[in-house]
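A.B. asks: This structure is in structure tokens; I'll ask about it shortly.
Only the coordinates and a few stated rules stand behind these numbers; no lab work does. Everything numeric in this text was worked out from a predicted model, so none of it was measured. When we count neighbours, we look across all protein chains shown, and the Cβ atoms used for this are built from the backbone with ideal geometry, even at glycine.
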Amino acid sequence: MTSSEIRQSFLDFFKSKDHEIVPSAPLLPTAPNLLFTNAGMNAFVPYFLGERKATSTRVADTQKCIRAGGKHNDLEDVGFDTYHQTFFEMLGNWSFGDYFKKEAIEWAWELLTEVWKFPKERLYATVYQPGEDDPAKFDQEAYNYWSEVFKEAGL
């Protein structure tokens, strides 16, 4: 698949799941603490924080991102491996008070294995595991959902 085909199939997939497709936000964000848009979630921070109400509960996009400074600085790694870039597009599906982990995990698996035809036996899932000084808890809910997905796939 070409990058254009991947992008379009991603958007088509989430449109079939009743997501509104929204355009990429500007590369120069309105957030005063960011020089460039460096992640797909940047444009949606006001919705996550409850500062604004989303016009749709399900959204998908392909966000243009630049990582050339700050916390997520890929600039110094460009050219030393095959995956660090200063500019890239981040695919994202977002829920604002609608679905949560169960559906997100099921749809991720469906997209990867049924639409993009990744071999199931070559896929792995990771679940958040806090460090010693991190007060957060292990994400047992996501672990349980992923375990069920892999079990149903015979893995």
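A.B. asks: Using alpha carbons only, how many degrees (0 to 90, rounded to 10) separate the axis of helix 3-16 from the longest principal axis of the chain?
C.D. replies: Taking Cα atoms only, the helix is inclined about 60 degrees.
A.B. asks: Also, quick follow-up: Step through the residues of the stretch 40-48 one at a time and calculate ³J(HN,Hα) from phi using the Karplus curve (6.51 cos²θ - 1.76 cosθ + 1.60, θ = phi - 60°), rounding each to whole Hz and writing x for Gly and Pro.
C.D. replies: For the stretch 40-48, the Karplus-derived couplings read x, 7, 3, 5, 9, 3, x, 6, 4 Hz, x marking Gly and Pro.
A.B. asks: Which whole-number percent of Cα pairs in the stretch 1-52 have a distance greater than 17 Å?
C.D. replies: 52
A.B. asks: Could you give the spread of the C-alpha atoms of the chain along their three principal axes, from largest to smallest, in whole angstroms?
C.D. replies: 46, 42, 40
A.B. asks: Same structure again: Want the number for Asp12 to Ser24: 0.36 nm per residue separation, take away the alpha-carbon distance, what's left?
C.D. replies: 2.8 nm
A.B. asks: Here's something else I'd like to know. Please give the calculated 222 nm ellipticity per residue for the chain, where each DSSP H segment of at least 4 residues contributes -39500 (n - 2.57) and the sum is spread over every residue; nearest 500 deg cm²/dmol?
C.D. replies: Result for the chain: -8000 deg cm²/dmol, rounded to the nearest 500.
A.B. asks: If you don't mind, there's one more thing I want to ask. Of all the Cα-Cα pairs you can form in the stretch 100-155, what percent are over 13 Å apart?
C.D. replies: Everything past 13 Å amounts to 63 percent.
A.B. asks: Using a 10 Å cut-off on Cβ atoms, rank the peptides 18-24, 148-154, 107-113 from the highest mean neighbour count down.
C.D. replies: 107-113, 18-24, 148-154
A.B. asks: Follow-up question, since we're still on this one. Which percentage, to the nearest 5, of the DSSP beta bridges contained in the chain is antiparallel?
C.D. replies: 75
A.B. asks: With θ set to phi - 60° and the Karplus curve 6.51 cos²θ - 1.76 cosθ + 1.60, what are the ³J(HN,Hα) couplings of the stretch 23-29 in order, to the nearest whole Hz, using x for Gly and Pro?
C.D. replies: Karplus values, whole Hz, x for Gly and Pro: x, 4, 6, x, 5, 9, x.
A.B. asks: Starting from the amide H of Ile21, placed 1.01 Å from N in the peptide plane, find each other amide H under 5 Å away whose residue is 5 or more places distant or on another chain.
C.D. replies: Under 5 Å from the amide H of Ile21: Ala60.
A.B. asks: Dipole size in debye (nearest 20) for the chain around its Cα centre, Lys and Arg Cβ +1, Asp and Glu Cβ -1?
C.D. replies: Approximately 380 debye in magnitude.
A.B. asks: Round to the nearest 10 and give me the degree value, 0 to 90, for the angle of helix 140-152's Cα axis relative to the longest principal axis of the chain.
C.D. replies: Here the helix axis deviates by roughly 50 degrees.
A.B. asks: If you don't mind, another one. Want the number for Lys120 to Ala31: 0.36 nm per residue separation, take away the alpha-carbon distance, what's left?
C.D. replies: 28.1 nm
A.B. asks: Compare the peptides 130-137, 5-12, 28-35, 40-47 by average per-residue count of other Cβ atoms within 10 angstrom and give them in order, highest first.
C.D. replies: Per-residue mean Cβ counts within 10 Å order the peptides as 40-47, 5-12, 28-35, 130-137.
A.B. asks: Here's another thing I want to ask about it. Lysines within cross-link reach of Lys120: Cα-Cα under 24 Å, excluding same-chain residues under 8 positions apart?
C.D. replies: Lys15, Lys17, Lys101, Lys102, Lys151
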